[in-house]
Amino acid sequence: MPLGCSISRFDEARPLSSLEPGAIGVVVRVLRDRADRADRLAALGVTPGARIHVLQTFPGIVFQCDETELAVERTVARSILIDIADRASGTRLATST
Amino acid sequence: MSDQPSGGIGFASLPGVACPYVAPDPAETPLLKLRVRPLRIVLIGNPNVGKSLVFGRLTGRYATVSNYPGTTVGVTRGRALIGAEVCDLLDTPGVNALDGALSEDEAITRRIVAGPDADLVVQVADARNLRRALMLTWQIAECGKPMILVLNMVDEAHAHGIEIDTAGLAAELGIPVIETVAVEGRGLTELRTALTRPAAPLVRAEPGKDRVRWAHDLAVTFRRQRRRSVGRFQEWLNQAVRRPITGLPILVAVLYATYLFVGVFGAQTLVGLLEGSLFGKVINPAVVSTAGQLPPFARDFLAGDYGLITMGITYAIAIVLPVVTTFFLIFGFLEDSGYIPRLAIFSDRLFRAMGLNGKAVLPMVLGLGCDTMATMTTRILGTPKERLIAIVLLALGVPCSAQLATIMGILGGISFAALMTLFGVVLLQMVVVGFLAARVLPGDRSEFILELPPIRWPRLRNILRKTVQRVRWYLGEAVPLFLIGTVLLFSLDRIGGLTWLARVSRPVVSGWLGLPPKTAEVFVMGFLRRDYGAAGLFDLAHQGLLSGVQAVVALTVMTLFVPCVANLLMIVKERGPRVALAIFVFVTVVAVTTGTVLNHAFGLLHIAF
């Protein structure tokens, strides 16, 4: 999938690693710079559309993805792009392409 | 679906998860026929969804159940009566995916499910996580086997406000979908009935739809989210154990409680009752006086210094049994509460410095139960390098339950400082070795991604069952080795081997380590089984043959010293004989060196306990 399709929407998405505890949002995209990581995350339910709730950011990042609670290191969190809930609610698109 | 805010987000923006799918032809899989061998049913599902519970319910056999992903390693087999047929049932380790980058266990499960031996696949799913489960359903469907979907833990799903339109889902997938609460046996009758009429799933491959999109759409259609009614205390506890401010004091409290229960109640009170009173005053005197009637050889064989009863049975039953039992009880409690994986959050950074990641806390803590089992559990780690480092650290530093408790029993009686010195030295040794191994060994570590199981109040029944099973395993495994060890020592003593051993090892044992020559015997015993050696030290300490410093040195060396025979065989099985030999030599060198340094450091600094 080429980069650049609907890039404007990714501008608003922020990496999970930059969110504060308590933040709620929806996964927009998982970067595929490392395919095995993206596959593992997908198998755990971290895929576009999944709801995210950040629970804790120190000493490790802990978040809830739908009903699964996950702990990840920062590098992993950087590759998960999140659309924050309040902004997302009004402007969500049905599909991007 | 207005209460599903995630509905319809842009899937097309997900690049690269392509999944070519060819629908199986249901006509090619006859469901009933006369069989040459029993029908084989495979249980499969995401980790920690309760496969082993369903397995136990269907077969009547107990497969170890805990509350963390990866309890089942390898495949468990059993028999179940389904309809009028006796079927083979296979319990597999949890899998998150059947294609892409697979772990060792996932590869094993894939081979079983896709292979010709599996006639029927039962997917067990956590009802709260329908979307994840369906992604796996898609992949199972690719194998073209008839299947059944079991939505387990519906009680917890309801508490989370989740309801699933089971009938709708069943119609959509074309397979039976059964709701269960396996831990209470609810829904099992329905499952047994459904097992007689499985069907090949209808996973319609629409153009442009991959499994992520497909699973998401189905979950949105068939899952309703209502108000949650999860206990506030549970939520609070979950938060408290993972936040550093509350989590670290809780960790200290848990360790202290373990020490009180295992080290004081088990290793001192119960051992005192059994060894001091029952064996010391009743059984052994009776045995000695009865054996007095026998010829001298037989008398010594049964009731001498290295007698089968006075040594072998006494060690196994009076010293080690109370300790492992108390340990397994508290350990089972911790396992089922979901607490252990949360320690990974705190330890991730430390483990990363050692070439591992936080996930390694699982095999390390399980090693406190039994290093041999924990060596198998290293399969959950991502890369060969991580598995190797974890196996070395387990062999080197992690004391098993029996050993841990004898350590507590001996050193707890001397001073708390002595106990802390030993743990400090051993931990430091593990960190140093891990740090060096991370840099010397080739390969990478994997990234830390860990699923945390829910915090639950453990069920007493499961803890007791698990403890009974483990104690039975201990008796079956350890007692024969204790007896063999005793016979070996008895024979060595008869042919003068022990005197020879003490003389040969004197420079090391007495010279370098500053220990009484008799300790050499204990080290030999420690190789047969770590806890056997520890029990030997316990005996020496009780006879007043060890000073405080000597006890600390001896126990440190014993803890670091070679793993027991069973553990070594497991390493051979998992990593091959060459690696095992290398680990053996390495660990021996580290143990003796550390003991020597410690002995001289105590002497130079005039430290006594």
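The values are calculated or read from the model by the stated rules, or taken from the named source; none is laboratory data. Source: prediction; values computed, not measured. Backbone-built Cβ (ideal geometry, glycine too); neighbour counts: all protein chains shown. Quick note on the areas: whole protein, heavy atoms, side chains included, nothing else; ligands and nucleic acids left out. Shrake-Rupley method; radii C 1.70, N 1.55, O 1.52, S 1.80 Å.
Side notes on the structure shown:
- Residue check for A:Val26: modelled with pLDDT of 90 or more, within 8 Å of another protein chain (Cβ to nearest Cβ) and closer than 20 Å to B:Pro47 by Cα: no
Matching residues to (1) hydrophobic (A, V, I, L, M, F, W, C); (2) outside any helix (DSSP H, G or I):
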position	(1), (2)
B:Thr378	no, no
B:Gly382	no, yes
B:Lys385	no, no
B:Ala395	yes, no
B:Leu428	yes, no
B:Arg439	no, no
B:Gly443	no, yes
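- Helices (runs of 4 or more DSSP H) contained entirely in region B:203-284, each with at least 1 residues that are touching a Ser or Thr at 6+ places or on another chain (Cβ under 8 Å), in contact (Cβ under 8 Å) with a residue 12 or more places away in the chain and open to solvent by less than 40 Å² (accessible area, probe 1.4 Å): B:211-222
- Of all residues making up region B:335-349, the number that are at the interface with chain A (Cβ under 10 Å from one of its Cβ atoms), in contact (Cβ under 8 Å) with a residue 40 or more places away in the chain and either β-branched (Val, Ile, Thr) or assigned to a helix (DSSP H, G or I) (or both): 6
- Subset of region A:58-79 (residues that are more than 9 Å from every other protein chain (Cβ to nearest Cβ) and assigned to a loop (DSSP other than H, G, I, E, B)): A:Ser79
- Residues of region B:570-579 satisfying the condition of being touching a helix residue (DSSP H, G or I) at 6+ places or on another chain (Cβ under 8 Å) and surrounded by fewer than 21 Cβ atoms within 10 Å (Cβ to Cβ): B:Val572, B:Glu574, B:Arg575, B:Val579
- Residue within region B:533-550 that is under 21 Å from B:Ala390 (Cα atoms) and in contact (Cβ under 8 Å) with a residue 24 or more places away in the chain present: no
- B:Ile330 meets all of the listed conditions (1) farther than 23 Å from B:Arg530 by Cα; (2) at pLDDT below 95 but one, namely (1).
- Residue check, B:Arg197 modelled with pLDDT under 90 and closer than 18 Å to B:Val42 by Cβ: yes
Let's see how each residue does on (1) under 17 Å from the mean Cα position of the chain (by Cα); (2) open to solvent by 10 Å² or more (accessible area, probe 1.4 Å); (3) touching a residue at least 24 places away in the same chain (Cβ under 8 Å):
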position: B:Ile317; (1), (2), (3): no, yes, yes
position: B:Gly332; (1), (2), (3): yes, no, yes
position: B:Gly355; (1), (2), (3): no, no, yes
position: B:Gly358; (1), (2), (3): yes, no, yes
position: B:Met364; (1), (2), (3): yes, yes, yes
position: B:Ile391; (1), (2), (3): yes, no, yes
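- Taken over region B:454-479, residues that are more than 30 Å from A:Glu67 (Cα to Cα) and either free of Cβ contacts under 8 Å to residues at least 40 places away in the same chain or open to solvent by less than 30 Å² (accessible area, probe 1.4 Å) (or both) amount to 9.
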